[in-house]
Amino acid sequence: MFFQRVKYIGVALCMLIITTLSMAPPAVAVEDCPSGMSDLDCQALKFGWEDWVPDSANSCGESSAGSVVTSSDFQKNLEQAYNYFLSKKDANGNPILTDIQAAAIIGNIARESTGDPQNTQTKFTPDRTKDPNEVTPANGGWGLIQWTPARKVIRAAEDAGITGPIYELQTQLDLVWWHMNNRSPTAHMNMLAGFTQTDLMEAVKYYEITMEGAGDKAYTERFKAAQIALKYPKTGNTTISASTGCECVSDDSLLRGSAGKVVLDPGHSGIDKQGAEKDSETGLYIGDSSNPTERKQVWEVAQKVKKTLEEKGYTVIMTKKSEKDYVNLKQRALIANKANAAIAVSIHNTPGKFGGSSSWVSPQKVGNYRTNENGKKTVFEDKALAQKSQAYAQAMVAARKAAGEPGAKIHDIVFDGRPGLSAGNLPVVQLLSKVPWIYNEVGQTGFNTDIYAKGIADGIMRAVRPAKDASRSNSEGCSGAAAGDAVQTALNYAWPTYTSPPYTKLKPSYESAVKSALKEGGRYVGTLAKPGVDCGGFVTLVMRDSGVDPKYGGGGNVERQHEHIQKSGLYRKIDVETTADLQPGDIAISKGEGHTFIYVGPGQTGSNADGSPAEFATAVASASIGGRGGRSWRSPMAGRENPLTADHIYRYIGGSNE
């Protein structure tokens with residue numbers, strides 16, 4: 001097994017790893033560091049590490065008082081891991097590892113995964129996942145020490161008798177310790193017996209050789225990270241806390257987005273260059289058109305949206321400085337990328353009745369593309385970015401409907417056969433973007449600036465929170481992103497089309513989740529006759545596996561789940577009169593606590609058994625059990641339930657579930 005260098009998550013995560021560091025003489029003495037500087041920052045200054053990202057640069061909030069821990073969950077993971085290894089004792093109660101040896105382990109882990117137990121190897125997808133079986137291609141690495149291929153970690157945990165959720169820090173640390181005492185991933189037996197080095201670099205090298213066998217040794221970087229680990233506080237705490245499920249406002253740690261920073265992209269320019277400019281890299285047309293009437297209307301909408309957002313504490317960046325300013329399509333994408341925005345939103349209109357069937361919301365989707373005139377396709381492939389964009393798009397649809405556009409819906413825009421535009425089904429700005437991007441259209445007939453502006457502003461505020469609230473967690477403001485995670489999990493687990501019962505074949509991704517739940521124990525999956533083929537079992541696994549509500553359901557059927565919803569303080573009952581009152585992620589309880597399902601929203605993209613994208617046929621994901629002889633048994637799939645007739649609709653709002 002070889003472990004490869006993994007993708008760095010980015011500056012927004014305030015991680016420890018620095019590329020191409022060189023040894024430099026001490027720049028300052030520790031005692032000369034500025035007052036208030038953390039020990040870690042002071043050490044970096046002392047050694048002259050020019051690329052070091054200080055604690056103060058962390059976008060997620062401030063450090064805890066009296067601690068050198070920044071608010072990056074992954075750095076906290078590294079500190080917890082350091083204390084975990086220091087806590088190991090022999091039969092006489094003596095420490096098994098020295099500070100040097102524990103730091104050497106952390107230096108290697110930091111290099112491999114930056115302390116993220118859900119990290120996927122560079123150039124493999126998705127960037128992060130709770131399920132190592134999802135890593136594509138299958139030979140990619142995953143987890144703290146980049147088990148390769150990723151799925152091997154499941155077998156290793158089975159061999160070790162470790163039953164915790166494989167994506168959690170505690171589980172993986174226990175597995176690393178088992179490897180060190182038994183068979184390592186590189187087939188070394190009891191490497192711990194030879195782990196006696198007293199020199200930090202030698203300890204780093206020994207651990208790498210016997211545990212990781214990395215293709216990229218990068219010993220200098222591993223050593224630097226180990227040096228930093230030596231400065232961690234020794235807490236004596238052996239308890240590993242789970243990472244928060246609602247981190248950095250809208251979980252933009254995944255996407256490197258800056259909390260509360262919004263890019264608004266009002267369509268068209270003062271000069272018409274459609275078909276006159278091409279991107280040198282892709283060959284796609286990137287020239288913008290003028291369209292004066294639409295340009296004026298959407299500019300006015302953008303100004304209203306900007307004013308609303310700024311009053312709420314958002315930072316707003318426009319892709320052009322004035323209505324008639326010329327900015328081509330690639331330049332617009334680069335503006336959002338450079339801003340590292342939490343979300344970018346294009347504003348357009350199109351022929352049709354305002355608020356009707358032309359009220360389109362278009363997210364980024366894996367597989368969507370544009371084709372240059374030579375037939376070469378540029379395809380959107382960022383799965384993590386697409387998931388976030390699609391969750392935000394659902395929030396936008398709900399907001400625009402509530403504002404007065406009953407026809408708002410998810411819709412792919414087709415550019416085929418349009419002079420001066422490259423064929424395909426994804427706007428160029430979205431295709432070239434590195435941030436979540438939502439593209440809006442609305443009918444021109446009866447155009448209403450106020451309604452359109454309100455819907456877009458509310459949609460943005462449902463999706464991401466302002467920067468001033470970024471350090472707050474477990475609050476309603478983060479529920480939109482959390483609900484989006486639940487929706488994506490439901491779409492991953494459910495078949496994308498409806499099949500009449502009885503139909504009990506489980507989608508492979510869901511079958512794996514059911515098996516994990518059964519092995520873990522204490523998690524409700526339905527009857528043992530057909531585990532997983534159960535409405536309550538499906539909803540329970542969605543809410544738990546998505547990380548939205550790890551204690552969902554209390555381990556019981558729909559009645560128990562309803563009790564949990566009512567008592568947990570995490571949910572609010574919603575009065576629903578029309579589908580405009582619903583939001584993706586809403587949970588329905590019906591038939592006198594006899595049935596439950598999840599509203600995922602219309603126009604979603606699910607997946608086939610092999611993981612390829614597929615249009616999700618309905619707005620509901622559900623399963624069922626019952627009927628004589630199992631005639632009503634139905635595995636999770638696109639359901640046909642009507643949420644408007646449900647007895648209760650609940651919405652996740654966050655809070656404490658203790």
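The values are calculated or read from the model by the stated rules, or taken from the named source; none is laboratory data. Not measured: the values here are computed from a predicted model. FYI the Cβ positions are ideal-geometry reconstructions off the backbone, even for glycines, and counts take in every protein chain you see.
If I filter segment 135-152 down to residues being outside any loop (DSSP other than H, G, I, E, B) and within 15 Å of residue 165 (Cα to Cα), which single residue comes out as farthest from the chain's Cα centre (by Cα)?
Within segment 135-152, the subset outside any loop (DSSP other than H, G, I, E, B) is 136, 142, 147, 152.
Adding the requirement that they be within 15 Å of residue 165 (Cα to Cα) leaves 142, 152.
On the way: 142: 16, 152: 23 Å.
Across segment 135-152, the extreme among qualifying residues is 152.
For every residue, the table says whether it meets (1) at pLDDT 90 or above; (2) crowded, with 18+ Cβ neighbours inside 10 Å; (3) under 24 Å from residue 300 (Cα atoms).
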site: 361; (1), (2), (3): yes, yes, yes
site: 370; (1), (2), (3): yes, yes, no
site: 386; (1), (2), (3): no, yes, no
site: 396; (1), (2), (3): no, yes, yes
site: 402; (1), (2), (3): no, yes, yes
site: 405; (1), (2), (3): yes, yes, yes
site: 421; (1), (2), (3): yes, yes, no
site: 428; (1), (2), (3): yes, yes, yes
site: 450; (1), (2), (3): yes, no, yes
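Name the residues in segment 452-502 that are surrounded by fewer than 19 Cβ atoms within 10 Å (Cβ to Cβ), at pLDDT 90 or above and under 18 Å from residue 262 (Cα atoms), would you?
Answer for segment 452-502, where residues must be surrounded by fewer than 19 Cβ atoms within 10 Å (Cβ to Cβ), at pLDDT 90 or above and under 18 Å from residue 262 (Cα atoms): there is none.
Does segment 543-563 include one or more residues that are in contact (Cβ under 8 Å) with a residue 12 or more places away in the chain, surrounded by fewer than 24 Cβ atoms within 10 Å (Cβ to Cβ), more than 20 Å from the chain's Cα centre (by Cα) and under 22 Å from residue 502 (Cα atoms)?
Yes: one or more hits.
Are there strands (runs of 3 or more DSSP E) fully within segment 569-609 with at least 2 residues that are in contact (Cβ under 8 Å) with a residue 40 or more places away in the chain, buried (at least 18 other Cβ atoms within 10 Å of the Cβ) and polar (S, T, N, Q)? List them. Walk me through it before giving the result.
On the way: elements: 571-573, 587-590, 595-599, 605-607.
By residue number, 605-607.
Quick one: which helices (runs of 4 or more DSSP H) sit completely within segment 200-282 and have at least 3 residues that are at pLDDT 85 or above? Can you show your working first?
Working: elements: 200-207, 219-229, 248-251.
Answer list for segment 200-282: 200-207, 219-229.
State all residues of segment 297-316 that are of a type in the set (D, E, K, R) and either more than 30 Å from the chain's Cα centre (by Cα) or under 19 Å from residue 348 (Cβ atoms) (or both); if no residue qualifies, say none.
300, 304, 306, listed by residue number.
A quick yes/no check of all residues on (1) out of contact with any strand residue (DSSP E or B) (no Cβ under 6 Å at 6 or more places or on another chain); (2) over 30 Å from residue 126 (Cβ atoms):
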site	(1), (2)
315	no, no
318	no, yes
324	yes, yes
327	yes, yes
334	yes, no
344	no, no
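Taking residue 327 as the residue in question, decide whether it is surrounded by 16 or more Cβ atoms within 10 Å (Cβ to Cβ), without any contact (Cβ under 8 Å) to a residue 60 or more places away in the chain and over 14 Å from residue 457 (Cα atoms).
yes
Applying the selection to segment 498-531, what residues are among the acidic types (Asp, Glu) and over 18 Å from residue 557 (Cα atoms)?
If we filter segment 498-531 for residues that are among the acidic types (Asp, Glu), which is where we start, we get 511, 520.
Passing the criteria: only 511.
What are the residue pairs meeting all of these: first residue in segment 359-376, first residue free of Cβ contacts under 8 Å to residues at least 12 places away in the same chain, second residue part of a loop (DSSP other than H, G, I, E, B), Cβ atoms under 6 Å, and 6 or more apart or on different chains?
Going by the 6 Å Cβ cut-off, there are no qualifying pairs.
Report, by residue number, each residue of segment 485-536 that is hydroxyl-bearing (Ser, Thr, Tyr), in contact with a helix residue (DSSP H, G or I) (Cβ under 6 Å, 6 or more places away or on another chain) and assigned to a loop (DSSP other than H, G, I, E, B). It would help to see each step written out before you state the result.
Restricting attention to segment 485-536, the residues satisfying the condition of being hydroxyl-bearing (Ser, Thr, Tyr) are 489, 493, 497-500, 503-504, 509-510, 512, 516, 524, 527.
Checking the rest, the ones that are also in contact with a helix residue (DSSP H, G or I) (Cβ under 6 Å, 6 or more places away or on another chain) come to 489, 493, 509-510, 512, 524.
524, the sole residue that qualifies.
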